[in-house]
Amino acid sequence: MHGVLWKIHKTHHQHTKGYFELNDLFTLLFGGIAIVLIFLGVESLDYRFWIGCGISGYGTVYFILHDVLIHKRLKWLGRPSGRYMKAVAKAHRDHHKTKDCDGAVSFGLLIVPRKYYREEGK
Ligand SMILES: [Zn+2]
Ligand SMILES: [Zn+2]
């Protein structure tokens, strides 16, 4: 995302106005790939079906953590609580500290560097 796809992903770092951002295209892209794979593999329940399920599962977890809990695009849930969720939210806040392609940190959403757990203790 912070390489060749920056043109699309930067709309998530430099959000101006409106509900949707160009970065949401990734949701449609990965969702579309998952649907096609599930559709192609559903009869024989082969690897395509399970890869499609995996993409869907990751997408669902990512959506709830990133869009609902961290960015509050949907007001379904309150503030993140629990040690893991607080560390995830803090790491992602650091990821958003830069509005540029370079200098961003904490790229993985679900796997958080240890320091974010340590800082939680203060
Ligand atoms: Zn980013
Ligand atoms: Zn974000």
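The values are calculated or read from the model by the stated rules, or taken from the named source; none is laboratory data. Only a predicted model underlies this, so the values are computations on that prediction, with no experimental measurement involved. As a convention, Cβ positions derive from the backbone with ideal geometry for all residues, glycine included, and neighbour counts pool all protein chains shown.
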Among the candidates L45, L69, L109, residue that is of a type outside the set (G, A, S), in contact with a helix residue (DSSP H, G or I) (Cβ under 9 Å, 6 or more places away or on another chain) and not in a helix (DSSP H, G or I): L109
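Please work out which residue is surrounded by the fewest Cβ atoms within 10 Å (Cβ to Cβ), limiting yourself to segment 1-38 and to residues that are among the aliphatic types (A, V, I, L, M), away from ligand 2 (no atom under 16 Å from the Cβ) and part of a helix (DSSP H, G or I). Give the steps one after another, and end with the answer.
The first filter runs over segment 1-38 and keeps only residues among the aliphatic types (A, V, I, L, M), leaving 1, 4-5, 8, 22, 25, 28-29, 33-38.
Then keep just the ones that are away from ligand 2 (no atom under 16 Å from the Cβ); that gives 4, 28-29, 33-38.
If we keep only those that are part of a helix (DSSP H, G or I) as well, we get 28-29, 33-38.
Numbers: L28: 9, L29: 11, I33: 15, A34: 19, I35: 13, V36: 12, L37: 21, I38: 17.
Among residues in segment 1-38 that are among the aliphatic types (A, V, I, L, M), away from ligand 2 (no atom under 16 Å from the Cβ) and part of a helix (DSSP H, G or I), the one surrounded by the fewest Cβ atoms within 10 Å (Cβ to Cβ) is L28.
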How many of the residues making up segment 83-119 are within 13 Å of the chain's Cα centre (by Cα) and aromatic (F, W, Y)? 1
Of these, Y84, Y62, which one is in a helix (DSSP H, G or I) and over 26 Å from L28 (Cβ atoms)? Y84
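Can you go through L28, L45, L37 and tell me which one is under 29 Å from K75 (Cβ atoms), at pLDDT 95 or above and not charged (D, E, K, R)? Quick ask: steps written out before the conclusion?
On the way: L45 fails: under 29 Å from K75 (Cβ atoms); L37 fails: under 29 Å from K75 (Cβ atoms).
The unique qualifying residue is L28.
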Taking segment 61-94 and keeping only residues that are crowded, with 18+ Cβ neighbours inside 10 Å and within 16 Å of ligand 1 (Cβ to nearest atom), one is left with L65, I70, V88, A89, K90, A91, H92
Can you name the number of the only condition in (1) farther than 20 Å from Y19 by Cα; (2) more than 11 Å from ligand 2 (Cβ to nearest atom); (3) part of a loop (DSSP other than H, G, I, E, B) that A104 fails? (2)
Please name all residue pairs, on different chains or six or more residues apart, with Cβ atoms under 6 Å, provided the first residue is in segment 35-49 and is under 16 Å from G59 (Cα atoms) and the second residue is modelled with pLDDT of 95 or more and charged (D, E, K, R). L37/R48
Members of segment 66-82 found to be closer than 27 Å to F20 by Cα and either touching a residue at least 24 places away in the same chain (Cβ under 8 Å) or more than 16 Å from the chain's Cα centre (by Cα) (or both), listed by number: H66, R73, K75, W76, L77, G78, R79, S81
Does any residue of segment 54-65 turn out to be over 18 Å from M1 (Cβ atoms), within 16 Å of ligand 2 (Cβ to nearest atom) and under 12 Å from the mean Cα position of the chain (by Cα)? yes
